[in-house]
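Remarks on the structure that follows.
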Amino acid sequence: MTGAREQLHRLAERIAVEQFGGEIVEEPIPGYQVLTRRRLVDPLSGVRAARALASAARGLLVEQAREARAVGRSWEEIGEALGLSDGAADEERAEAAFAEIVEGRRAESYWPSVRSPSTSWRCGPCGELVTDYGLSGSSHPDDQESGHADTCTRHRAALAAWRADTGWDD
């Protein structure tokens, strides 16, 4: 991490500890004898801290955009400062900036996506990289996450709970 991201990470860590009761642990990095990494014992305090920062950043963004308008900057200029679609016409960029700042949304036409929303993380029990599709239309664990090892205790427990809840035996 470098620059703003590193500073933000340190600030989130500090907020997690000071405001949300988080604890930091230094753990060795596998394969190295001296290197360690800092992490929160319970990452939920980090989620709370990141949410607080995001909310504060959103407020700051709105405040700065209002101040920019107050000194005569256009919505198109604000859109450019936000890094909105360089290929868009000035009016489109201005509309997208207004939608993001005032309405709190991003116009989909300016951020096209060809894939389903997902994230990935390393599963604690099996160590595999898991793709997480969130709460898709299906409640079946395989429709919500992929990548667990066949022997993963977490995934097996999720499958067993799904079978018990639905009465299905897949």
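Working carefully through the options Gln19, Gln7, find the one that is assigned to a helix (DSSP H, G or I), of a type in the set (S, T, N, Q), under 28 Å from Ile101 (Cβ atoms) and at pLDDT below 95.
When all the criteria are applied, what remains is Gln7.
Would you confirm whether or not segment 46-65 contains a residue that is small (Gly, Ala, Ser), more than 19 Å from the chain's Cα centre (by Cα) and not in a helix (DSSP H, G or I)?
For segment 46-65, residues small (Gly, Ala, Ser), more than 19 Å from the chain's Cα centre (by Cα) and not in a helix (DSSP H, G or I): absent.
Let me confirm something: among Arg39, Arg58, Arg48, which residue is within 20 Å of Ala99 (Cβ to Cβ) and basic (Lys, Arg)?
Within the list Arg39, Arg58, Arg48, the selection yields Arg58.
In the set Gly83, Gly104, which member is surrounded by fewer than 17 Cβ atoms within 10 Å (Cβ to Cβ) and either modelled with pLDDT of 85 or more or more than 29 Å from Ile15 (Cβ to Cβ) (or both)?
Gly83
Which pairs do you get when a residue that is under 18 Å from Gln19 (Cα atoms), found in segment 31-44, comes within reach of a residue that is open to solvent by 90 Å² or more (accessible area, probe 1.4 Å) and part of a loop (DSSP other than H, G, I, E, B), reach meaning Cβ atoms under 8 angstrom, with the pair 6+ apart or on two chains?
Between residues of segment 31-44 that are under 18 Å from Gln19 (Cα atoms) and residues that are open to solvent by 90 Å² or more (accessible area, probe 1.4 Å) and part of a loop (DSSP other than H, G, I, E, B), the close pairs are Leu40/Glu23; Val41/Glu23; Asp42/Glu23.
The values are calculated or read from the model by the stated rules, or taken from the named source; none is laboratory data. Just so it is clear, the structure is predicted and the values come from calculations on it, not from any experiment. Ideal geometry is used to build each Cβ from the backbone, glycine not excepted, and the neighbour counts take in all protein chains shown. Just so you know, the surface numbers come from the protein's heavy atoms only, side chains and all, with ligands and any DNA or RNA stripped out. Shrake-Rupley method; radii C 1.70, N 1.55, O 1.52, S 1.80 Å.
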